[in-house]
1. If each of T61 and M168 carries a label point 7 Å out from its Cα toward its Cβ, how far apart are those two points in nm?
2. Given R₀ = 35 Å, FRET efficiency for S123-N146 by Cβ-Cβ distance, to 0.05?
3. Residue by residue, what Karplus-based ³J(HN,Hα) values in Hz, rounded to whole numbers, does region 158-169 have, using 6.51, -1.76 and 1.60 with θ = phi - 60° and x for Gly and Pro?
4. Anything over 32 Å Cα to Cα? Flag those among K54/K158; K44/K109; K41/K158, in the order listed.
5. So, for region 43-126, what is the accessible surface per residue at a probe of 1.4 Å, expressed in square angstrom?
6. Which whole number of Å³ per residue matches the convex hull of the alpha-carbon atoms in region 81-172?
7. Please sort by residue number the trypsin sites (Lys or Arg not before Pro) in region 84-172 whose DSSP state is loop and whose Cβ has at most 13 other Cβ atoms within 10 Å.
8. With a sphere of radius 14 Å drawn around the Cβ of A106, what net charge do the other residues whose Cβ falls strictly inside it have (Lys, Arg +1; Asp, Glu -1)?
Amino acid sequence: MTRKLALVLAFALVASLFAVAGDASTSNVPKLIRLGHYEIKPGKMNAHDDLVRKVRQAATTGNANYNWIATRPITGNTNETVFINFADSYAQVEQSMGSFSKATEATFKSADFTRTVADSQASINGVVASLREDLSYRPEKLDIANARTWKISIVRLKPGTEMDFADMERES
(Lines give C-alpha, C1' and ligand atoms only; values in the text may rest on other atoms or scores of the structure.)
Protein backbone atom coordinates (compact mmCIF):
# COMPACT_ATOMS: atom_id res chain seq x y z
CA MET A 1 0.00 0.00 0.00
CA THR A 2 2.82 2.42 0.88
CA ARG A 3 4.54 1.63 -2.42
CA LYS A 4 1.37 2.39 -4.41
CA LEU A 5 0.91 5.61 -2.46
CA ALA A 6 4.48 6.64 -3.22
CA LEU A 7 4.10 5.80 -6.91
CA VAL A 8 0.88 7.77 -7.15
CA LEU A 9 2.55 10.65 -5.30
CA ALA A 10 5.44 10.58 -7.76
CA PHE A 11 3.02 10.44 -10.69
CA ALA A 12 1.03 13.37 -9.33
CA LEU A 13 4.20 15.42 -8.84
CA VAL A 14 5.46 14.74 -12.35
CA ALA A 15 2.04 15.43 -13.86
CA SER A 16 1.74 18.69 -11.93
CA LEU A 17 5.17 19.81 -13.06
CA PHE A 18 3.99 19.39 -16.63
CA ALA A 19 0.96 21.55 -15.98
CA VAL A 20 2.75 24.51 -14.36
CA ALA A 21 5.84 24.86 -16.50
CA GLY A 22 6.55 27.08 -19.50
CA ASP A 23 7.52 26.28 -23.10
CA ALA A 24 10.15 23.58 -23.50
CA SER A 25 10.78 20.58 -25.70
CA THR A 26 9.73 17.09 -24.67
CA SER A 27 13.42 16.21 -24.37
CA ASN A 28 13.53 18.28 -21.15
CA VAL A 29 11.14 15.89 -19.44
CA PRO A 30 13.00 13.70 -16.95
CA LYS A 31 12.22 10.03 -17.46
CA LEU A 32 12.65 9.16 -13.77
CA ILE A 33 11.92 10.95 -10.55
CA ARG A 34 13.26 9.92 -7.16
CA LEU A 35 11.41 11.00 -4.03
CA GLY A 36 12.69 10.63 -0.49
CA HIS A 37 9.96 11.29 2.09
CA TYR A 38 11.14 11.93 5.65
CA GLU A 39 8.69 12.22 8.52
CA ILE A 40 10.25 14.21 11.35
CA LYS A 41 9.34 13.75 15.00
CA PRO A 42 7.47 16.71 16.54
CA GLY A 43 9.87 19.34 17.86
CA LYS A 44 12.86 17.84 16.03
CA MET A 45 12.81 19.82 12.77
CA ASN A 46 15.86 21.92 13.75
CA ALA A 47 17.86 18.76 14.45
CA HIS A 48 16.74 17.36 11.08
CA ASP A 49 17.72 20.57 9.31
CA ASP A 50 21.18 20.35 10.93
CA LEU A 51 21.50 16.80 9.57
CA VAL A 52 20.60 17.99 6.09
CA ARG A 53 23.21 20.77 6.32
CA LYS A 54 25.86 18.19 7.31
CA VAL A 55 24.91 15.94 4.40
CA ARG A 56 24.93 18.88 1.97
CA GLN A 57 28.36 19.94 3.26
CA ALA A 58 29.70 16.37 2.88
CA ALA A 59 28.28 16.17 -0.66
CA THR A 60 29.94 19.48 -1.54
CA THR A 61 33.27 18.58 0.07
CA GLY A 62 33.22 15.15 -1.58
CA ASN A 63 32.30 16.71 -4.94
CA ALA A 64 29.28 14.40 -5.32
CA ASN A 65 27.73 14.32 -8.77
CA TYR A 66 24.28 14.51 -7.21
CA ASN A 67 21.67 17.19 -6.64
CA TRP A 68 18.28 17.47 -5.02
CA ILE A 69 15.41 19.78 -4.33
CA ALA A 70 14.21 19.87 -0.72
CA THR A 71 10.55 20.63 -0.05
CA ARG A 72 8.47 21.10 3.07
CA PRO A 73 4.66 21.40 3.27
CA ILE A 74 3.26 24.86 3.87
CA THR A 75 -0.07 23.41 5.02
CA GLY A 76 -1.00 20.07 6.54
CA ASN A 77 1.65 18.00 8.31
CA THR A 78 4.64 20.34 8.42
CA ASN A 79 6.80 17.67 10.12
CA GLU A 80 7.82 16.29 6.72
CA THR A 81 10.55 16.89 4.21
CA VAL A 82 10.54 15.52 0.67
CA PHE A 83 13.74 15.42 -1.35
CA ILE A 84 13.36 15.22 -5.11
CA ASN A 85 15.80 14.54 -7.88
CA PHE A 86 15.43 13.73 -11.53
CA ALA A 87 17.21 11.38 -13.93
CA ASP A 88 16.93 10.20 -17.50
CA SER A 89 17.93 6.58 -16.90
CA TYR A 90 18.38 3.99 -14.18
CA ALA A 91 22.10 4.08 -14.91
CA GLN A 92 22.11 7.80 -14.11
CA VAL A 93 20.26 7.15 -10.83
CA GLU A 94 22.77 4.44 -9.91
CA GLN A 95 25.76 6.62 -10.84
CA SER A 96 24.54 9.68 -8.94
CA MET A 97 23.60 7.64 -5.87
CA GLY A 98 27.03 5.97 -5.94
CA SER A 99 28.72 9.37 -6.10
CA PHE A 100 26.52 10.63 -3.24
CA SER A 101 27.20 7.53 -1.11
CA LYS A 102 30.94 7.82 -1.61
CA ALA A 103 30.97 11.53 -0.75
CA THR A 104 28.80 11.17 2.37
CA GLU A 105 29.96 7.78 3.68
CA ALA A 106 31.98 9.15 6.60
CA THR A 107 29.12 11.43 7.67
CA PHE A 108 26.56 8.63 7.67
CA LYS A 109 28.90 6.35 9.65
CA SER A 110 29.39 8.95 12.40
CA ALA A 111 27.88 7.82 15.72
CA ASP A 112 26.62 11.35 16.49
CA PHE A 113 24.97 11.61 13.09
CA THR A 114 23.32 8.19 13.47
CA ARG A 115 22.07 9.05 16.95
CA THR A 116 20.59 12.37 15.77
CA VAL A 117 18.85 10.59 12.88
CA ALA A 118 17.29 8.11 15.31
CA ASP A 119 16.24 10.94 17.65
CA SER A 120 14.74 13.18 14.95
CA GLN A 121 13.27 11.02 12.16
CA ALA A 122 10.07 9.03 12.59
CA SER A 123 10.19 7.33 9.19
CA ILE A 124 11.83 7.39 5.79
CA ASN A 125 10.24 6.20 2.55
CA GLY A 126 11.55 6.47 -0.96
CA VAL A 127 10.51 5.70 -4.48
CA VAL A 128 11.90 5.88 -7.99
CA ALA A 129 9.05 6.39 -10.45
CA SER A 130 9.11 6.40 -14.24
CA LEU A 131 7.42 8.89 -16.53
CA ARG A 132 3.99 7.82 -17.77
CA GLU A 133 3.56 9.85 -20.94
CA ASP A 134 0.17 8.19 -21.52
CA LEU A 135 -1.13 9.77 -18.29
CA SER A 136 0.77 13.05 -18.50
CA TYR A 137 -0.75 16.37 -19.44
CA ARG A 138 1.21 18.54 -21.92
CA PRO A 139 4.69 17.24 -21.08
CA GLU A 140 6.16 19.44 -23.83
CA LYS A 141 5.47 22.42 -21.54
CA LEU A 142 7.78 21.17 -18.79
CA ASP A 143 10.50 23.58 -17.70
CA ILE A 144 11.67 22.48 -14.27
CA ALA A 145 14.13 25.33 -13.92
CA ASN A 146 11.39 27.94 -14.25
CA ALA A 147 8.48 26.20 -12.51
CA ARG A 148 7.25 28.51 -9.76
CA THR A 149 4.82 26.19 -8.00
CA TRP A 150 4.34 22.46 -7.72
CA LYS A 151 1.28 20.62 -6.61
CA ILE A 152 1.54 17.20 -5.04
CA SER A 153 -1.66 15.23 -4.71
CA ILE A 154 -1.70 12.13 -2.58
CA VAL A 155 -4.10 9.51 -3.85
CA ARG A 156 -4.50 6.29 -1.90
CA LEU A 157 -5.57 3.37 -4.04
CA LYS A 158 -7.13 0.14 -2.93
CA PRO A 159 -5.14 -2.91 -4.04
CA GLY A 160 -6.06 -3.90 -7.59
CA THR A 161 -7.44 -0.49 -8.65
CA GLU A 162 -4.30 0.87 -10.29
CA MET A 163 -5.57 0.22 -13.85
CA ASP A 164 -8.94 1.83 -13.07
CA PHE A 165 -7.11 4.90 -11.78
CA ALA A 166 -4.97 5.07 -14.94
CA ASP A 167 -8.09 4.74 -17.13
CA MET A 168 -9.81 7.51 -15.19
CA GLU A 169 -6.76 9.80 -15.57
CA ARG A 170 -6.64 9.20 -19.34
CA GLU A 171 -10.30 10.13 -19.66
CA SER A 172 -10.09 13.35 -17.64
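The values are calculated or read from the model by the stated rules, or taken from the named source; none is laboratory data. Not measured: the values here are computed from a predicted model. Note that each Cβ is placed from the backbone with ideal geometry, even for glycine, and that neighbours are counted across all protein chains shown. Just so you know, the surface numbers come from the protein's heavy atoms only, side chains and all, with ligands and any DNA or RNA stripped out. Shrake-Rupley method; radii C 1.70, N 1.55, O 1.52, S 1.80 Å.
1. About 4.9 nm separates the two model spin labels.
2. So the FRET efficiency works out to roughly 0.60.
3. Working through the residues one at a time gives 6, x, x, 9, 4, 5, 4, 4, 4, 4, 4, 5 Hz.
4. K54/K158
5. 63
6. For region 81-172, the hull spanned by Cα atoms encloses 174 Å³ per residue.
7. Qualifying residues, ordered by number: R148, K151, R156.
8. Residues near A106 contribute +1 overall.
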